[in-house]
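The values are calculated or read from the model by the stated rules, or taken from the named source; none is laboratory data. This one's a predicted model, so the numbers in the text were calculated from it and none came from an experiment. Note that each Cβ is placed from the backbone with ideal geometry, even for glycine, and that neighbours are counted across all protein chains shown.
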Amino acid sequence: MSNALDEIITLIAPHNRKGVAVAAATTFATDLEWDSLTVMDFVAEMEDHFDIIIPLNLLPDLETVGQVADAVNELTEKKNG
Amino acid sequence: MADLFDKFDPMIQAREALGFEDASPIDVVMEEIISPTEAVIRGERTILAGTNNYLGLTFDPRCIRAAHEALDAAGTGTTGSRVLNGTYTGHKALEAALGKLYGGQQCMVFSTGFLANLASIGTLAGKDDFIVIDADSHASIYDACKMSDATIVRFKHNDPDDLDKRLRRLDAGGRVLVVVEGLYSMLGDKAPMKELVEVKNRHGAALMVDEAHSIGVFGETGCGVVQEAGVMDDVEFVVGTFSKSVGTIGGYCVSRHPKFDILRLAARPYMFTASLPPSVVASALKAVEILGAEPQHREKLWRNARQLHEGLCRAGFDLGAPASPVVAVKIAERDMTVRLWEQLLKNGVYVNLAMPPATPQGLNLLRCSLSAAHTEEQVATIVSTFERLARSNSVLTKPAA
C-alpha cells in the first residue's frame, strides 16, 4: 500500500468533473477522461505538493492512479535517501 | 479487423462535430495572392489577418530580385545535405549575416524552424541532462524533447518563480537547458525575459529562446525579445525561423559557445535532410539585412498592432494579451467561435481559428496577426467587421466604450 495514494486521491477530487469513484486502479485517460494537458497540469500540482520533480518522460507509463502513487513514493524516497 | 486509422475515430468525430456550414479552415485555398495583406479566397478579395507576415517582406522587390538572381545562377535546389553537397556560398553568407545581427555569434541555418528546434534542443541535451520547458511551448519544442534522451521537466507558463522552484529541486547546474519562447504565438503574450534570465543565471543553467514570432518584431535591430530586454549576452542560444518576418522558410540557431560548430556533425535534423534552395537562402539573406537596417517596418507593424488591439478592446472583446502583432480574440463558446470564423471569412477577413489542444487553457481563439504592410484602412475594416458580426450574433452585447 503506497503512502502517497490517499493524498493523490484528495488532489484529484477538485478535477474529478465526472464524479468517478477514484481508487488505485482508476485510469486518467479512460475513467477520469483527462486529456494530456490536464494530466501535465496535474503533474505540476503533485510536484509542488510533494516537493519533487516528476519528469514528463515518465508519463507514458503512468496510466493509473496507483502507478502514479508508486512513482511519487519512489521519487520521494530518492529525494530523502 | 482492426485498422491503423481506428485510433483517429475520436478526432474524425470531433472534426465533424465542429459544424462548418460551407468553409472550413483546412479547406481554405489562397486562389490568388494579391499582396502580403490580400488574397482571393472562395473567389472573393479577402484581407489577410492571420499570416505571420509581420514585416510584409514577401513581396519586397529587393527580396524577390535576390531570389530570382539566385534561382538563375544556382538552380532550383541543392539536392543534398548541408554536410554533403548542400552548402553553397549563400548558406554561409546567411549564417554570417545572422551571426552579425546577433552581435558576432556563430550561426547554423536549418531547412525549417521546426527542424532548428528538433536539431538544437534534441541534440544539446543528452542522457544525463535536463530540459526545462515552458508549459505553453510550441509543438516543435515538445517533439524535440521526445527525441532527446534527457529528463524533461515543465514549468508554469511565463512564471519565473515556478522555474526557480523547479531548478532548485533539480539542482543540476550546467547540465540544464531551459527553453522558452520570446512571443507565444497563440495568445501573443511575451516572456518576462529579464526575470527568466536572472533565475537561470542563479542556477547556472543554459537558456534557449525561440524567437520564431519575435525576430524582426522586437529590439532595436529586430533580434527579438532578448534584445528588447537587454539580455542578449546572457542568453546561450537563440533559435528562430525564416517563415514569419523573414518571409520565406528555414530556421536558424545562434550561439557564442566555442564548441557550437560540432552540432553540424551531431544534429541529425541538420545532417539528414536537404538544405534550403538557393533562391530561398537569397531572399532570406536580403530580408535579414532589411529587418536589421530598416526599423520603419517594425514601427509600422506596431502602429497597426496597437490600432487593432485598441479597436477590438474598445468594441468590448476579451483579448489574450497586451498589444502585440498577435492579437487573440477569446470567444467563450466553441460553436460560436467556428460560426464567427466562417462569417469573418465570408465577409472578407481571414483570421486563424485556434482551438484546444493547440491553444493554452482550453481557449477558443480567433487569432489575428498583423503585418507592417496592412494599411490603416485595412485594420479599421478588420475591427469593424469583427464588431458587426459579433453584435449580430449577440457575442458583444454591451455598447462600445
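For the structure I just gave you, tell me whether A:Val22 is surrounded by 17 or more Cβ atoms within 10 Å (Cβ to Cβ), outside any loop (DSSP other than H, G, I, E, B) and either touching a helix residue (DSSP H, G or I) at 6+ places or on another chain (Cβ under 9 Å) or more than 14 Å from every other protein chain (Cβ to nearest Cβ) (or both). Against the criterion (surrounded by 17 or more Cβ atoms within 10 Å (Cβ to Cβ), outside any loop (DSSP other than H, G, I, E, B) and either touching a helix residue (DSSP H, G or I) at 6+ places or on another chain (Cβ under 9 Å) or more than 14 Å from every other protein chain (Cβ to nearest Cβ) (or both)), A:Val22 does not qualify. Going through (1) in a helix (DSSP H, G or I); (2) buried (at least 17 other Cβ atoms within 10 Å of the Cβ) one by one, B:Arg62 falls short only on (2).
Of the residues making up region A:26-50, just one is surrounded by fewer than 16 Cβ atoms within 10 Å (Cβ to Cβ), more than 21 Å from B:Asp136 (Cα to Cα) and in contact with a helix residue (DSSP H, G or I) (Cβ under 7 Å, 6 or more places away or on another chain), namely A:His49.
If you go through region B:137-166 and keep only what is outside any loop (DSSP other than H, G, I, E, B), closer than 16 Å to A:Glu45 by Cα and either acidic (Asp, Glu) or more than 9 Å from chain A (Cβ to nearest Cβ) (or both), you end up with B:Asp161, B:Asp162, B:Leu163, B:Asp164.
Restricting attention to region B:197-224, the residues that are under 21 Å from B:Ile131 (Cα atoms) and out of contact with any strand residue (DSSP E or B) (no Cβ under 6 Å at 6 or more places or on another chain) total 7. Just wondering, is there one or more residues in region B:18-28 that are closer than 20 Å to B:Glu333 by Cα and outside any loop (DSSP other than H, G, I, E, B)? Yes, region B:18-28 contains at least one residue that is closer than 20 Å to B:Glu333 by Cα and outside any loop (DSSP other than H, G, I, E, B). Of the residues B:Ala67, B:Ala119, which single one is in contact with a Ser or Thr (Cβ under 8 Å, 6 or more places away or on another chain) and modelled with pLDDT of 95 or more? Within the list B:Ala67, B:Ala119, the selection yields B:Ala67.
Among the residues here, B:Glu289 does not qualify as at negative phi, in contact with a Pro (Cβ under 8 Å, 6 or more places away or on another chain) and in a helix (DSSP H, G or I).
The requirement of being of a type in the set (D, E, K, R), under 18 Å from the mean Cα position of the chain (by Cα) and either assigned to a helix (DSSP H, G or I) or at pLDDT below 95 (or both) is not satisfied by B:Arg303. Residues that are out of contact with any helix residue (DSSP H, G or I) (no Cβ under 8 Å at 6 or more places or on another chain) and on the phi < 0 side of the Ramachandran plot were ranked within region B:185-227; the one that is surrounded by the most Cβ atoms within 10 Å (Cβ to Cβ) is B:His213.
Is it the case that some residue within region A:26-49 is part of a helix (DSSP H, G or I), hydroxyl-bearing (Ser, Thr, Tyr) and more than 10 Å from chain B (Cβ to nearest Cβ)? First the steps, then the outcome.
Filtering region A:26-49 down to residues part of a helix (DSSP H, G or I) leaves A:36-49.
So of that shortlist, the ones also hydroxyl-bearing (Ser, Thr, Tyr) come out as A:36, A:38.
Next, from what is left, pick out any that are more than 10 Å from chain B (Cβ to nearest Cβ): none.
No.
Scanning region B:121-136 for residues that are under 25 Å from B:Pro192 (Cα atoms) and part of a helix (DSSP H, G or I) turns up B:Ile121, B:Gly122, B:Leu124.
Against the test of being more than 21 Å from A:His49 (Cα to Cα), touching a Phe, Trp or Tyr at 6+ places or on another chain (Cβ under 6 Å) and either acidic (Asp, Glu) or within 14 Å of chain A (Cβ to nearest Cβ) (or both), the options B:Val109, B:Val176 yield a single qualifying residue, B:Val176.
When restricted to residues that are surrounded by fewer than 21 Cβ atoms within 10 Å (Cβ to Cβ), away from every other protein chain (no Cβ under 14 Å) and either in a loop (DSSP other than H, G, I, E, B) or among the basic types (Lys, Arg) (or both), region B:330-364 contains 8. If you go through region B:185-212 and keep only what is over 21 Å from B:Gly122 (Cβ atoms), away from chain A (no Cβ under 14 Å) and touching a Gly at 6+ places or on another chain (Cβ under 9 Å), you end up with B:Leu187, B:Gly188, B:Asp189, B:Lys190, B:Ala191, B:Met193, B:Lys194, B:Gly204. Is it true that some residue in region B:191-204 is more than 27 Å from A:Asp51 (Cβ to Cβ) and within 20 Å of the chain's Cα centre (by Cα)? Yes: region B:191-204 contains one or more residues that are more than 27 Å from A:Asp51 (Cβ to Cβ) and within 20 Å of the chain's Cα centre (by Cα). Of the residues in region B:225-234, at least one is touching a residue at least 40 places away in the same chain (Cβ under 8 Å) and within 22 Å of B:Leu319 (Cβ to Cβ). Taken together, the residues in region B:68-100 that are surrounded by fewer than 23 Cβ atoms within 10 Å (Cβ to Cβ) and not in a loop (DSSP other than H, G, I, E, B) amount to 17.
Out of the residues in region A:50-62 that are of a type outside the set (A, V, I, L, M) and not in a helix (DSSP H, G or I), which is nearest to the other protein chains (Cβ to nearest Cβ)?
Checked region A:50-62; the qualifying residue nearest to the other protein chains (Cβ to nearest Cβ) is A:Pro55.
So is B:Ser283 in contact with a Cys (Cβ under 8 Å, 6 or more places away or on another chain) and assigned to a helix (DSSP H, G or I) or not?
yes
May I ask you to list the residues in region B:149-187 that are hydroxyl-bearing (Ser, Thr, Tyr) and under 12 Å from A:Leu56 (Cα atoms)? Selection gives B:Thr151 alone. Of everything listed in (1) within 14 Å of another protein chain (Cβ to nearest Cβ); (2) farther than 25 Å from B:Ser137 by Cα, the single unmet condition for A:Gln67 is (1).
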